[in-house]
Amino acid sequence: MKSASVEQNMWTIFAQLLDRDLQKLHAEISAFSEESNLWKTTGSITNPAGNLCLHLTGSLNHFIGATLGNTGFVRQREGEFANKNVPRLDMLRELTATRIKSVEILTAMPEGSLEATFPRKFMEQDVSTAWFITHILTHISYHLGQVNYLRRVLEG
């Protein structure tokens, strides 16, 4: 029996990390005791947890769903930051659907795709797909930390 390639193992690792962090984001959004706090900021922080959740969902649906998975998703980035008071259950449903679809797409990526140029430029630069997926994972972690911080500061 042939073992999985190093590349397929990397896609599996990327999918596992994405799955883990999106489940943590789900738990953080769920942990807000007051739903209204999802739409509040404090100090110099400009983006509330609810908008960060919408932003990550939109970003993943755009870059993984539409770009790698050809889902047809059309991103409305401005709304990710402008929409307020989206019901928590709606956000969590969309986050779960995005997590499942993104993991499905990543684990089905074909051999040779890690080294390929990502189909969209990043800040007007060509980058490899491996580079971009690493970037998106660190982007998720960054915003996950912000959501956790906001929850702890706003709710004690």
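Just so you know, all these numbers are worked out from the coordinates, no wet-lab data involved. Since the model is a prediction, treat every value here as computed from it, not as a measurement. Every residue, glycine among them, receives a Cβ derived from its backbone with ideal geometry; neighbour counts consider all protein chains shown.
What the table shows:
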| item | result |
| --- | --- |
| Restricting region 77-156 to GluC sites (Glu not before Pro) in coil, as DSSP defines it, with at most 16 other Cβ within 10 Å | Glu111, Glu115, Glu124 |
| Answer label, with P(r) over Cα pairs in 10 Å bins from 0, in percent calculated from the coordinates and candidates (i) 10, 33, 28, 17, 11, 2, 0; (ii) 10, 40, 31, 15, 3, 0; (iii) 10, 33, 27, 10, 7, 6, 4, 1, 0 | (ii) |
| Angle in degrees between helix 129-155 and the longest Cα principal axis of the chain, rounded to the nearest 10 | 20 degrees |
| Least to most buried among Asp19, Asp90 (fewest other Cβ within 10 Å first) | Asp90, Asp19 |
| Residue-averaged [θ]222 nm for the chain, counting only DSSP H segments that reach four residues, each worth -39500 (n - 2.57) | -20000 deg cm²/dmol |
| Nearest 10 degrees, 0 to 90: helix 6-31 Cα axis against the chain principal axis | 10 degrees |
| Helix 88-107 vs. the chain, principal-axis angle (Cα, 0 to 90°, nearest 10) | 10 degrees |
